Structure formats: structure tokens, C-alpha cells
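Peer 1: I am attaching a structure below and will ask some questions about it afterwards.
The values are calculated or read from the model by the stated rules, or taken from the named source; none is laboratory data. This one's a predicted model, so the numbers in the text were calculated from it and none came from an experiment. Note: ideal-geometry Cβ built from the backbone for every residue, glycine included; neighbour counts use all protein chains shown.
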Amino acid sequence: MKIFKLALLRHGESQWNLENRFTGWADVGLSENGIIEAKKAGTLLLENNFNINLVYTSKLKRATKTLELCLKQMKLKNIDIHYKWRLNERHYGALQGLNKAETAKIYGEDQVLMWRRSYYEEPPKLNINDKRHPRFNNDYKNIKGFDSPFSESLKDTVKRFFPLWINKITPSIKSGKNILIVAHGNSLRALIKILNNISDKEIVKLNIPTGAPLIYELDFNLNVLDSYYLNSN
């Protein structure tokens, strides 16, 4: 039986991860530790002989920089890379940029926990004129479905990721490509929910560490045979 391998990688720690802020689609760079994590991820993939020939990544620079550093460590060039907005982090609406602890003092810890961990609940929406709205970004302003005001629940993130999975990534896996996906905590949770058929209740408990390559072994029908994080040899 042929086994297909898929590597998932959450970007290295970002500056706003470090500052405990809601990041969402804000285009924040990596922290110094995030740069180290990205390089280590590349080293781990190299040591474990993961031969990448196709990459999907979000459009946000904390993911694209992680990818760049990772591929450099692997000494890989001329890789086929697809930059997809559907892999962007969940959009946190009006919370984007706010400190999580300070936000909890204003709205209460229970409410902030619901915004962060509920599968269905959206954060407060962005006003159409808020400069953080995707319509002001040339990468996103022509994308259909960006009705305003704007924010996303985890359920919304799963919904907007799914067409990319079905129409692009799945056929690529079945064609025999060794694929690396570099994305974010919530967009990767969306993928893992699909792969592992995790319930709406259980997926909110899943945490994905930054800069840690997660390998999935799949059969032809994309049933999960095994999954594991890479460790140093």
C-alpha cells in the first residue's frame, strides 16, 4: 500500500505572539525566537529526509518568512510554492492587535475565552471603514464573500479553507507530491479537524506549537495511518 506523507508547520513565534496580542490577518513578522524555530524546523525536516516538492502557505509574512528560512536550512531551491489566502490565520475582527490579558479585563475572562475557544462564536466584527478590514488590502479586496463588518469563528475558518483542501491540496497529495503546508494555529486546526474527523467540541482543545513540523501519513483515500511531530535525531 502506498503511503502519502504531508508535513504541517505552524509559523515560528511572531512578535505579537510574544506580546500576547490577537494577531489574525495583521502582517506581523517573526520574533527572534521565531526565526530560530523556523530554522530548526528546516533542520528537522532535512534530518528526517522529508523530500518536499510542493508547498502551500498563507499570504502572511510570519508564514512566508518561516517557509523561506525552513527551505534555506534544507538547501532547497526552485520549489513550487502556492501562496493562498485561504490558509491565513482566523481573522479576529475588532480584537486584532489588542493585548489578550487587557481585553479580558475589559470584557471579562469568560467572554474572551469564548471568542478564543468557541467553535461557533465570532469576535466583535470590524466596521466597513476600519483600516484593518481586508478590503483595504490589495491582496484581498477583490475576494468574494468579504461582507462587512468582518470577523471569523473557527467554523468560518474551516469553511473558507475547505475549497482549497478539496480542489487543490487533495489532488496534489494523490498525485504523489510531498507537500509542506506552512500556516497558522487556526488554519492548521481546520485541516487537522478534517483529517482526523475531530468533533466541533474537541477541536477547540487542540493546540499546535509554533515551529514544530507535524507529519501525517495517509492512505490513498486520505485516511490517517499515523501522525507525529518530528524530533531531533
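Peer 1: Any idea which residue in segment 126-137 is farthest from Asp27 (Cα to Cα), counting only those that are in contact (Cβ under 8 Å) with a residue 12 or more places away in the chain and not in a loop (DSSP other than H, G, I, E, B)?
Peer 2: Going through the qualifying residues, I end up with Leu126.
Peer 1: Using the structure shown, decide if Phe220 is at pLDDT below 90 and either out of contact with any Cys (no Cβ under 7 Å at 6 or more places or on another chain) or loosely packed, with under 15 Cβ neighbours inside 10 Å (or both).
Peer 2: In short, no.
Peer 1: Right, another one. Name the one entry in Lys105, Lys125 that is farther than 21 Å from Arg160 by Cβ and among the basic types (Lys, Arg).
Peer 2: Among Lys105, Lys125, only Lys105 is farther than 21 Å from Arg160 by Cβ and among the basic types (Lys, Arg).
Peer 1: So Ile35 clears everything in (1) crowded, with 17+ Cβ neighbours inside 10 Å; (2) of a type outside the set (Ser, Thr, Tyr); (3) at pLDDT 95 or above; (4) within 17 Å of Ile181 (Cβ to Cβ) except one condition, right? Which one?
Peer 2: With respect to (1) crowded, with 17+ Cβ neighbours inside 10 Å; (2) of a type outside the set (Ser, Thr, Tyr); (3) at pLDDT 95 or above; (4) within 17 Å of Ile181 (Cβ to Cβ), Ile35 is out only on (4).
Peer 1: With Ile173, Ile179, Ile194 as the choices, which residue is more than 17 Å from the chain's Cα centre (by Cα) and surrounded by 14 or more Cβ atoms within 10 Å (Cβ to Cβ)?
Peer 2: So the residue among Ile173, Ile179, Ile194 that is more than 17 Å from the chain's Cα centre (by Cα) and surrounded by 14 or more Cβ atoms within 10 Å (Cβ to Cβ) is Ile173.
Peer 1: When segment 1-27 is examined, which residues are found to be within 22 Å of Val112 (Cα to Cα) and more than 14 Å from the chain's Cα centre (by Cα)?
Peer 2: Across segment 1-27, the qualifying residues are Gln15, Trp16, Leu18, Glu19, Asn20, Arg21, Phe22.
Peer 1: Out of segment 18-73, which residues are charged (D, E, K, R) and closer than 18 Å to Leu87 by Cβ?
Peer 2: The answer is Asp27, Lys59, Lys61, Arg62, Lys65, Glu68.
Peer 1: Does segment 144-152 contain any residue that is surrounded by 14 or more Cβ atoms within 10 Å (Cβ to Cβ) and modelled with pLDDT of 90 or more?
Peer 2: Checked segment 144-152: at least one residue is surrounded by 14 or more Cβ atoms within 10 Å (Cβ to Cβ) and modelled with pLDDT of 90 or more.
Peer 1: OK, next. What are the residue pairs meeting all of these: first residue in segment 160-181, first residue within 15 Å of Trp85 (Cα to Cα), second residue modelled with pLDDT of 95 or more and among the β-branched types (Val, Ile, Thr), Cβ atoms under 7 Å, and 6 or more apart or on different chains?
Peer 2: Trp165/Ile194; Ile169/Ile179
Peer 1: Is it the case that Lys177 is of a type in the set (Lys, Arg) and closer than 18 Å to Ala63 by Cβ?
Peer 2: Taking the combined requirement at face value, the residue does not satisfy it.
Peer 1: Within segment 15-35, work out how many residues are within 23 Å of Leu76 (Cα to Cα) and in contact (Cβ under 8 Å) with a residue 60 or more places away in the chain.
Peer 2: Number of matching residues: 1.
Peer 1: Ok, one more. What single numbered condition from (1) among the polar types (S, T, N, Q); (2) in contact with a Pro (Cβ under 8 Å, 6 or more places away or on another chain); (3) crowded, with 18+ Cβ neighbours inside 10 Å fails to hold for Thr157?
Peer 2: For Thr157, the failing item is (2).
Peer 1: So Lys65 ticks every box in (1) basic (Lys, Arg); (2) surrounded by fewer than 19 Cβ atoms within 10 Å (Cβ to Cβ); (3) touching a residue at least 40 places away in the same chain (Cβ under 8 Å); (4) over 18 Å from Ile208 (Cα atoms) but one. Which box is left unticked?
Peer 2: Status for Lys65: all satisfied but (2).
Peer 1: Taking only segment 88-106 into account, find how many residues are of a type in the set (D, E, K, R) and touching a residue at least 60 places away in the same chain (Cβ under 8 Å).
Peer 2: Qualifying residue count for the region: 3.
Peer 1: Within the set of pairs 6 or more residues apart or between chains, which connect a residue that is within 18 Å of Phe220 (Cβ to Cβ) inside segment 3-14 to a residue that is assigned to a loop (DSSP other than H, G, I, E, B) with Cβ atoms less than 8 Å apart?
Peer 2: Ile3/Asp219; Phe4/Gly176; Phe4/Asp219; Phe4/Phe220; Phe4/Leu222; Lys5/Phe50; Lys5/Asn178
Peer 1: Return the residue satisfying two criteria in turn: it lies in segment 19-32 and is in a loop (DSSP other than H, G, I, E, B) and of a type in the set (A, V, I, L, M), and of such residues it is modelled with the highest pLDDT.
Peer 2: Ranking the candidates gives Val28 first.
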